[in-house]
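Just so you know, all these numbers are worked out from the coordinates, no wet-lab data involved. The model shown is predicted, which means the values in this text are computed figures rather than measured ones. No Cβ is skipped: glycine too gets one built from the backbone with ideal geometry, and neighbour counts run over all protein chains shown.
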Amino acid sequence: MNKKNIFKRKTLPALAMAGPVSLWMILFVALPMLYIIYISFMSRGVFGDVVYKFSLESYGTLLDSTYFKVIVKSINAALKTTVLCLLIGYPFAYYIAKKPKEVASRLIMLIMIPFWTNSLMRLNSWLLLFQTSGPVNQFLQSTGFINAPMSFVYTDGLVMVGMITTMLPFAVLPMYSSIEKLSKSLLEASADLGASRRTTFFRITLPLTFPGIFSSIILVFIPSLGIYTVTDMLGGGKVLYIGNIIKNQFGAIRNWPLGAALSVLLIVITGMLIYIYTRFAKIEDMEVV
Amino acid sequence: MSDSVVTSIMSDSIVSLIDVEKSFGNNKVVKKMNIEIKEGEFITLLGPSGCGKTTTLRMIAGFEEASCGIIKVQGLSVEDKEPFERDVNTVFQNYALFPHMTVFDNIAYGLKIRKKPKDEITKRVNEMLDLVQLKGYEDRKPDALSGGQKQRVAIARALINNPKVLLLDEPLGALDLKLRKQMQVELKRLQKKLGITFVYVTHDQEEALTMSDRIAVMNEGVIEQLATPREIYNKPLTKFVAGFIGDSNIFDGEVTSSSDGILDVKTLAGTMKVKGNGFNVGESIHVSIRPEYIKVSADPVEGFNLKGIIKDFTYMGTVVKTSVDLKDNTEIKYSRFEKDEDFKEGDSINIYWNPDRAVAIKALK
């Protein structure tokens, strides 16, 4: 068989199928990312332009205590969001998974509705609910819990609430699918051999649904770390997270190299997590029969 | 006298089901079930799918709650006991091995739960591995085992707790024929060696006949007959049992006369003779005859008027089956070790048998 034939039979169809996507990814993901990495090593001009001169200044600034604090705070908030999403999401996923199929799909719909709702609308409604003269404050005052209205808006607390509600679907869905896959006969076998419900949960259910839990961690932690809509709106610019700073550096402040360096930091953290995930998934390739 | 008989039965039986019923919604899958399972016996619940046999087993294990009735294990009601509190263990149909544990950890599970000392666990697991001939496989994950090996692990895992009763839910269903036959023999040997009561669920009548001390043939939630394999095969009590166990030709008819325990029966296909007591003239009856007991002749035989035309011969390996069309358009089959050279397809023949070999079954009203 000659080379031309092979090209026709194998290479062309492959190119036709994977080509457009690859081209798209190269043009709109890989190249911009490389550009971001590139300018993170450049310096800032007087008028907020990028001066193409090698400099590690931006990375040095990251270690500056103000920025460093925000980074730590962001990681902390993302961790908290992840942990809380898991703690709320796992029991909920478990509950759905044990329901009959039709009920389960309706419950999942409930989880998905806020996810499909426009985030501006959703976040603004949080603001309205929690503002000084909002229903939450009115309720608390009328029941006598508090005397004066509390300031919920633009606090870390409300940001956390917003993060959790935004991220919860990403936590529930992977865990649901792995709990749902778990064969009932394994739980029965465990009970049959003398294990209480608690023991069965910790020895069988939890380890076998770990892939789902880990997917949830990845899916919640990574976006939480870089999220800026929630922090921007519910934090009102008063509470700063990495996402807001990146947005500000590229926007109002016009320090692209610093914004780029912060972005690179996020990419590195994400990359590390995904690397751990793939390694981990290989070892614990647990197919529940 | 009768009291002492009752107590001796009570102390003999390790599992008792008394008027046990189970409904799922409006669907009653087990109806008024009564069975006494004796210590050390191999009892099989046999029946088609949906007959309630697995549900019965699951009620004994504690995975399903009986809708009413009493289940006793070792004379004590287990109604309030969770599965993990019952002295019975189960071998599941799909093995249900824990995929994230090695063979060793799977087998050791029951002992680890009970927080036994490590050296005792190791010792017991090794004994079990010996018992099921899986030495050297302890570090494998279930994924790396064949169906037969998984089955052995499942058995070892269930036996390590020294259960009084081992419940087996179609344990050989997923294995190929040859392996299944081999495992049948092994299971039976194992049961004899350990002296544990086996309650075995299967839809495979041959498996039930080979392995069991007693068989409970179930149909639509009811035990149709509970007896030894020989009795089930030779003296089926109901039409269902006659049809389900082995091959049978079953005729529906009416008793026309009765003398010396031999009945004359009239059916749509013709008249025939069958041994039977306690039947009245005019009563509806089923007559069951095994293919191997059917005789054929070119000339009419006294007492029989069953004519048919040979349809075809089917070579089955050990036997040749001959299908015969009867005049009421039903078909019967008879088997021979060798093909009948006296007749060929399309021949008209008379069918008869030794009335002792046929079974008379009361027709249900």
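Some values worked out for this structure:
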read-out	value
Test: B:Thr56 is more than 14 Å from every other protein chain (Cβ to nearest Cβ) and within 23 Å of the chain's Cα centre (by Cα)	yes
Some residue of the range B:139-148 being of a type outside the set (Phe, Trp, Tyr), within 11 Å of another protein chain (Cβ to nearest Cβ) and outside any helix (DSSP H, G or I)	yes
Considering residues of the range A:112-150 that are within 18 Å of the chain's Cα centre (by Cα), surrounded by 11 or more Cβ atoms within 10 Å (Cβ to Cβ) and in contact (Cβ under 8 Å) with a residue 12 or more places away in the chain only, the residue nearest to A:Phe92 (Cα to Cα)	A:Met112
Selection from the range B:236-264 of residues that are farther than 29 Å from B:Gly47 by Cα and part of a strand (DSSP E or B)	B:Val255, B:Thr256, B:Ser257, B:Ser258, B:Ser259, B:Ile262, B:Leu263, B:Asp264
Filtered residues of the range A:9-37 (kept if without any contact (Cβ under 8 Å) to a residue 60 or more places away in the chain and either within 25 Å of A:Gln249 (Cβ to Cβ) or of a type in the set (Ser, Thr, Tyr) (or both))	A:Thr11, A:Ser22, A:Leu27, A:Phe28, A:Val29, A:Ala30, A:Leu31, A:Pro32, A:Leu34, A:Tyr35
Hits in the range B:101-115 (condition: more than 8 Å from chain A (Cβ to nearest Cβ) and either part of a helix (DSSP H, G or I) or crowded, with 24+ Cβ neighbours inside 10 Å (or both))	B:Val103, B:Phe104, B:Asp105, B:Asn106, B:Ile107, B:Ala108, B:Leu111, B:Lys112
Residue check for B:Phe98: at negative phi, away from chain A (no Cβ under 13 Å) and touching a Ser or Thr at 6+ places or on another chain (Cβ under 9 Å)	no
Residues of the range B:65-92 that turn out to be part of a loop (DSSP other than H, G, I, E, B) and either over 18 Å from B:Ser23 (Cα atoms) or away from every other protein chain (no Cβ under 14 Å) (or both), as a count	12
Residue in the range B:185-211 that is surrounded by the most Cβ atoms within 10 Å (Cβ to Cβ), counting only those that are without any contact (Cβ under 8 Å) to a residue 60 or more places away in the chain and more than 13 Å from the chain's Cα centre (by Cα)	B:Leu187
Lone qualifier among A:Thr229, A:Thr278 - being without any contact (Cβ under 8 Å) to a residue 12 or more places away in the chain and away from chain B (no Cβ under 14 Å)	A:Thr278
From the options A:Gly237, A:Gly194, residue that is within 14 Å of chain B (Cβ to nearest Cβ), farther than 23 Å from A:Leu87 by Cα and not in a helix (DSSP H, G or I)	A:Gly194
Options B:Ile294, B:Ile310, B:Ile289: the member that is touching a Lys or Arg at 6+ places or on another chain (Cβ under 9 Å), buried (at least 17 other Cβ atoms within 10 Å of the Cβ) and over 30 Å from B:Thr44 (Cβ atoms)	B:Ile310
Selection count, the range B:138-184, where residues are closer than 25 Å to B:Arg114 by Cβ, within 19 Å of the chain's Cα centre (by Cα) and among the acidic types (Asp, Glu)	1
Breaking point among (1) of a type outside the set (Phe, Trp, Tyr); (2) touching a residue at least 12 places away in the same chain (Cβ under 8 Å); (3) in a helix (DSSP H, G or I), for A:Leu206	(2)
Whichever residue in the range A:159-191 is within 30 Å of the chain's Cα centre (by Cα) and within 14 Å of another protein chain (Cβ to nearest Cβ) and, among such residues, is farthest from A:Gly237 (Cα to Cα)	A:Ser183
Condition met for B:Gln133 (more than 12 Å from chain A (Cβ to nearest Cβ), within 31 Å of the chain's Cα centre (by Cα) and in a loop (DSSP other than H, G, I, E, B))	yes
Meets criteria (hydroxyl-bearing (Ser, Thr, Tyr), more than 30 Å from the chain's Cα centre (by Cα) and within 25 Å of A:Ala252 (Cβ to Cβ)) for A:Ser55	yes
Subset of the range B:49-64 [assigned to a loop (DSSP other than H, G, I, E, B) and in contact with a helix residue (DSSP H, G or I) (Cβ under 7 Å, 6 or more places away or on another chain)]	B:Gly62, B:Phe63, B:Glu64
